[in-house]
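Report on the following structure.
The values are calculated or read from the model by the stated rules, or taken from the named source; none is laboratory data. Here the structure is a predicted model, which means the values were calculated and not measured. Here the Cβ is made from the backbone with ideal geometry for all residues, glycine too, and neighbour counts use every protein chain on show.
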Amino acid sequence: MKFVYPEHHLVKNGTLTNCQICNSAKMNLILDLGNQPLCDSLLSKEMLHSPEITYPLRMLWCQDCCLAQLDYCVDGADVYHPDYPYRTGITRELVEYLKSMSDSLISKYNLTNNDLVVDIGSNDGTLLSGFKEKGIKIIGVEPTNISKIANEKNIETFQEFFTNDVANNIKSKHGTASLILATNMFAHMATIGEVVSGIETLLKDDGVFVFENHYLLDVIQGGQFDTIYHEHLRTYSLKSLIKLFSYYDLTVTDVERGSRYGGNIRVHVTKGKDKPVSENVSLLLKLEDESGLYDLKTYEKFAERVKKAKTDFMNFILTVKKEGKTIVGNSCPGRCVTLLNYYGVDSDLLPFIAEQPTSLKLNMFLPGKQIPIVNNEILLEQQPDYVVLLAWHYAKPIMEQLKERGLKSNFIIPLPDLTILEN
Ligand SMILES: [Zn+2]
C-alpha cells in the first residue's frame, strides 16, 4: 500500500532552502561551522594518504515551527555506511540507561507477551533485550553491519533502513506493534515521511511511538554546538514535533526530559487523533516560550557563547603548549569531530585521543584532523598534565573511573564554558 505524505518530508540531498518540517522559507542562519567531514567516517592509516570529503555544516532555525536544522543533507548511504562504528552495548552508562527505559515503558503501557515492540535503529539490540527478558515479542531494524551482532544474540533484526514498505513487511509477518521505539535516530534521517508513515502503518490503534533525541532547549541553554553534525539533520523543539505529527494520524501525548546526550527529550506519540494529552506537553511548550526558544535573539546569544568557548579553549591549549606541559584527549564521541574541526585542533596540539579498549574506533584517526585514537591504557602510563574530556556530557562518571584507575591528570571540560578541574 502506497502512503502519501507531504513532498517536503523526503529531504533531498544537497543544499536545503526550506524547513524540513513545515516547508517555510523563513530560515535564519545561527552558526556556520565551515565545511566538515562526516563524524563517524573514521580514517584508517591507509586513508591518511587520500583526499577527504567535507560538506557544509551550518545550523539554521525556522521561525515558523521552531525547528533547528542543517542546510545541507548528505546522502544517508554515505553517512550510515556498513562499517558505521557506533555500538550501544559497549558504554556501561548507556546499557544501564536503556534498561531503565525498557522497564519504564513496560510499566507505563502494561506490556505483556502478547505485545510486539519494534526498535528502529536498534543497533546491537541492547534496548530490545530489556523487553525480551520480560517475554515481550521484539523486532529490530538496523541498516548497518552492527545488526549482525544483534542477530547473533538472538535479537531478530532486519538489516534495512526503515520505510513504509519495511513496516508493511513486518506487519504481514508479525502483526501490528504496540510500541515502536527510536532512540537517537529520529533527528537523523532524511526520509522523515517514510519513517513516520511506516510508524503509522505498523502501530496498532492506540499504539505508541516513543523516541528520544537531543533537545533544542538543552542544546541552546547548554551551549552544546557539538551536537551539530551531519547525522543530526534536525534538532527538535516540542513545538516543531507537534507540527510534524499534525501531518499524520498521530498525536503527541506525553513528553519527558532526561539527561542523556547532555539533555534529551523523550516523546510519546499515540496513533489516532483527539487522544488524551498529558499536561507535560502544555507545560513544556510554556517553558520553551518563556525560555526564549521562539525568539531569534536567543539563538544570536547562543552563537556568541559558542565563539567565546572556542577562543577560550584555543588560548588555553596554546598556553599549555608554550609552557611545555602535556595535554591529550579522552573519549571520541561523534560530537568531538565537530568541536575539534571547528576549533582547528590537530595532532600537534592534541597528540592523541584515548578510548576504552573495547571501542570500535581504536587505531583509527579523527576525520578532518587525523588525530590518532588509541587505547586509554596510555593515559595511566603517561600521566599527562591535562586530559580534555571530549565526551564532556558524561564527564562525572568518566572522571571517577579514570581516577579510580589511578590517573593523576587535571581534567578539562570544554563546554558549555571552558572549565579546568585540578585533580
Ligand atoms: Zn518550520
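Looking only at segment 59-80, decide whether some residue is of a type in the set (Gly, Ala, Ser), surrounded by 15 or more Cβ atoms within 10 Å (Cβ to Cβ), assigned to a strand (DSSP E or B) and out of contact with any Asp or Glu (no Cβ under 9 Å at 6 or more places or on another chain). Outline the logic, then answer.
Restricting attention to segment 59-80, the residues satisfying the condition of being of a type in the set (Gly, Ala, Ser) are 68, 76-77.
If we keep only those that are surrounded by 15 or more Cβ atoms within 10 Å (Cβ to Cβ) as well, we get 68, 76.
Checking the rest, the ones that are also assigned to a strand (DSSP E or B) come to 68.
Okay, now just the ones that are also out of contact with any Asp or Glu (no Cβ under 9 Å at 6 or more places or on another chain), so 68.
Yes, segment 59-80 contains a residue that is of a type in the set (Gly, Ala, Ser), surrounded by 15 or more Cβ atoms within 10 Å (Cβ to Cβ), assigned to a strand (DSSP E or B) and out of contact with any Asp or Glu (no Cβ under 9 Å at 6 or more places or on another chain).
Could you say whether any residue in segment 42-51 is in a loop (DSSP other than H, G, I, E, B) and surrounded by 15 or more Cβ atoms within 10 Å (Cβ to Cβ)? Please lay out each step first, then the result.
Our first condition is that a residue be in a loop (DSSP other than H, G, I, E, B); within segment 42-51, this holds for 42, 44-45, 50-51.
Next cut, surrounded by 15 or more Cβ atoms within 10 Å (Cβ to Cβ) only: 42.
Scanning segment 42-51, I find at least one residue that is in a loop (DSSP other than H, G, I, E, B) and surrounded by 15 or more Cβ atoms within 10 Å (Cβ to Cβ), so the answer is yes.
A quick yes/no check of all residues on (1) within 23 Å of the chain's Cα centre (by Cα); (2) assigned by TED's automatic domain parsing to the domain that holds residue 263; (3) among the acidic types (Asp, Glu); (4) surrounded by fewer than 21 Cβ atoms within 10 Å (Cβ to Cβ):
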| position | (1), (2), (3), (4) |
| --- | --- |
| 332 | yes, no, no, no |
| 338 | yes, no, no, no |
| 353 | yes, no, no, no |
| 358 | yes, no, no, yes |
| 389 | yes, no, no, no |
| 400 | no, no, yes, yes |
| 403 | no, no, no, yes |
| 417 | yes, no, yes, yes |
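Hey, which of the helices (runs of 4 or more DSSP H) in segment 135-232, taking only ones fully inside, have at least 2 residues that are closer than 30 Å to residue 31 by Cβ and either in the same structural domain as residue 94 (by TED's automatic domain parsing) or among the hydrophobic types (A, V, I, L, M, F, W, C) (or both)? Outline the logic, then answer.
Details: elements: 146-152, 164-174, 192-202, 216-221.
Here the list reads 192-202, 216-221.
State all residues of segment 162-195 that are touching a helix residue (DSSP H, G or I) at 6+ places or on another chain (Cβ under 7 Å), under 18 Å from residue 12 (Cα atoms) and among the hydrophobic types (A, V, I, L, M, F, W, C); if no residue qualifies, say none.
162, 189, 190, 192
Give the residues of segment 8-20 that are out of contact with any Asp or Glu (no Cβ under 9 Å at 6 or more places or on another chain) and within 11 Å of the ligand (Cβ to nearest atom), sorted by residue number.
Hits for segment 8-20 are 8, 18, 20.
So which helices (runs of 4 or more DSSP H) stay within segment 328-423 end to end and still have 2 or more residues that are free of Cβ contacts under 8 Å to residues at least 24 places away in the same chain? If you could, list the steps in order and put the result at the bottom.
On the way: elements: 335-343, 377-382, 395-404.
By residue number, 377-382, 395-404.
Please tell me if residue 287 is hydrophobic (A, V, I, L, M, F, W, C) and farther than 29 Å from residue 5 by Cβ.
Working: hydrophobic (A, V, I, L, M, F, W, C): yes; farther than 29 Å from residue 5 by Cβ: yes.
It is true that residue 287 is hydrophobic (A, V, I, L, M, F, W, C) and farther than 29 Å from residue 5 by Cβ.
Looking at residue 410, is it surrounded by fewer than 21 Cβ atoms within 10 Å (Cβ to Cβ), more than 21 Å from residue 36 (Cβ to Cβ) and modelled with pLDDT of 95 or more?
Numbers: surrounded by fewer than 21 Cβ atoms within 10 Å (Cβ to Cβ): yes; more than 21 Å from residue 36 (Cβ to Cβ): yes; modelled with pLDDT of 95 or more: yes.
Here the answer is yes, as residue 410 does meet what is asked.
Please verify whether residue 101 is aliphatic (A, V, I, L, M), in contact (Cβ under 8 Å) with a residue 60 or more places away in the chain, assigned to a helix (DSSP H, G or I) and within 21 Å of residue 359 (Cα to Cα), treating the condition exactly as stated.
No, not satisfied.
Evaluate segment 26-40: report whether one residue or more is within 15 Å of the ligand (Cβ to nearest atom), assigned to a loop (DSSP other than H, G, I, E, B) and at pLDDT 95 or above.
Checking segment 26-40: at least one residue is within 15 Å of the ligand (Cβ to nearest atom), assigned to a loop (DSSP other than H, G, I, E, B) and at pLDDT 95 or above.
Between 176, 191, which is over 23 Å from the mean Cα position of the chain (by Cα) and under 24 Å from residue 123 (Cβ atoms)? Steps first, answer last, please.
Values: 191 fails: over 23 Å from the mean Cα position of the chain (by Cα).
The match here is 176.
So is residue 71 in the same structural domain as residue 210 (by TED's automatic domain parsing) and within 16 Å of the ligand (Cβ to nearest atom) or not?
Details: in the same structural domain as residue 210 (by TED's automatic domain parsing): yes; within 16 Å of the ligand (Cβ to nearest atom): yes.
Judged against the criteria, residue 71 is a match.
From the list 310, 301, pick out the single residue that is without any contact (Cβ under 8 Å) to a residue 40 or more places away in the chain, surrounded by 16 or more Cβ atoms within 10 Å (Cβ to Cβ) and outside the structural domain of residue 219 (by TED's automatic domain parsing).
Working: 301 fails: surrounded by 16 or more Cβ atoms within 10 Å (Cβ to Cβ).
Matching residue, one of 310, 301: 310.
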